[in-house]
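Every number in this text was worked out from the coordinates using simple rules, so none of it is lab data. Note that the structure is predicted; figures quoted are calculated from it, not measured. Every residue, glycine as well, gets a Cβ built from its backbone with ideal geometry; the counts of neighbours run over all protein chains shown.
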Ligand SMILES: NC(=O)c1ccc[n+]([C@@H]2O[C@H](COP(=O)([O-])OP(=O)(O)OC[C@H]3O[C@@H](n4cnc5c(N)ncnc54)[C@H](OP(=O)(O)O)[C@@H]3O)[C@@H](O)[C@H]2O)c1
């Protein structure tokens, strides 16, 4: 069932920071009526103030007395316990809770907000331009309508992948949540290698950066598997093949990436326990 942001009813966003604002802009662009968006942040930054001015919204310091259809929790995980204490009275029987807070379990959210209607998610930063990918898990009391509502809200920031097991969110965190930083690091490494070959830092960075941007854009318009896209640009015995022989060796990129992603997942699990 496809939910429609125009008819979803009031959505309360708690935490008007980077990720919260990315989501809010996406919802408004996707048709959420501004009158159905309630922003809660005691110390909003410029992005939140700009959005509020653009859509004539009030930013509330706290959520007392409001009962939204969806409550979106977008505050830092470190303060979530304290924030949940002040939100209980804002939750009504119709309220679905959608959390983007990293590492905060459905069990903790359900206990803190006294509701089992909780969807826990892990977005990533390209959500800021509508090109994110979010992993989502629904708590036991989430209905199919709730799930459709959550999907519609998350889809405004990019793609959504649903999982049956909450533990999978640690893997999602390790692959896509932290993933954009791996790509930025790839650009740094490629540019550094170019400098070693004698290019200036500026030009090497221009070449590396635009190569990743261009390759990503090509991948976006061509649904072929990444392995096929790679093969398409690799002539036998050519220059690309020479580099891929190194990158795809037994001690190449794959085992290194596996090690990096394992480390991220272990840290995600550790933070979740903390
Ligand atoms: N950024 C990412 O890449 C990313 C990716 C996946 C998940 N997430 C999750 O998204 C959440 C938000 O991250 P972010 O990067 O958007 O953080 P952020 O920019 O710091 O946003 C959090 C916002 O909440 C505000 N806030 C503090 N106390 C509040 C309260 N009592 N009520 C309402 N709002 C309050 C903060 O204000 P102050 O600045 O004044 O404290 C800030 O504006 C986190 O839980 C994070 O785990 C982020």
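Cut-off 15 Å, label point 7 angstrom out along Cα-to-Cβ of residue 212: give me the residues of the range 111-132 whose amide nitrogen falls inside.
The answer is 125-126.
Counting only C-alpha contacts under 8 Å and six or more residues apart, can you give the relative contact order of the chain as a whole percent?
In percent, rounded to a whole number, it is 15.
Mind ranking 171-182, 94-105, 258-269, 232-243 by how tightly packed they are, going by the mean number of other C-beta atoms within 10 angstrom, highest first?
Values: 171-182: 19.2, 94-105: 22.6, 258-269: 15.1, 232-243: 10.5.
The peptides rank, most packed first, as 94-105, 171-182, 258-269, 232-243.
For the Cα atoms of the chain, what angle does the longest principal axis make with the long axis of helix 253-273, in degrees from 0 to 90, nearest 10?
20
Apply the Kirkwood formula to the range 54-194: the hydrodynamic radius equals the inverse of the mean of 1/r over all pairs of different alpha-carbon atoms; give it in Å with one decimal. If you can, show how the numbers build up before the last one.
Details: mean 1/r = 0.0617 Å⁻¹.
Roughly 16.2 Å, rounded to one decimal.
May I ask you to work out the translational diffusion coefficient for the chain at 25 °C, viscosity 0.890 mPa s, via Stokes-Einstein with Rh from the Kirkwood sum over Cα pairs, reported in whole µm²/s?
119
For every helix of n ≥ 4 consecutive DSSP H residues, a contribution of -39,500 (n - 2.57) applies; sum these over the chain, divide by its total residues, and give [θ] at 222 nm rounded to the nearest 500 deg cm²/dmol. Intermediate values should be presented prior to the final figure.
Numbers: 11 runs with 129 residues, N = 274.
The per-residue figure over the chain is -14500 deg cm²/dmol.
Roughly how far apart, in whole Å, are the Cα centres of the range 188-237 and the range 166-182?
23
Using a 10 angstrom cutoff on alpha carbons, build the Gaussian network for the chain and name the most mobile of 230, 120, 209.
230
Can you give me the angle between helix 179-196 and the longest principal axis of the chain, using Cα atoms only, in degrees from 0 to 90, rounded to the nearest 10?
Roughly 30 degrees between the two axes.
Once the mean 1/r over all distinct Cα pairs of the range 1-134 is inverted, what Kirkwood radius in angstroms do you read off?
Averaging 1/r across every pair of different Cα atoms and inverting gives 14.8 Å.
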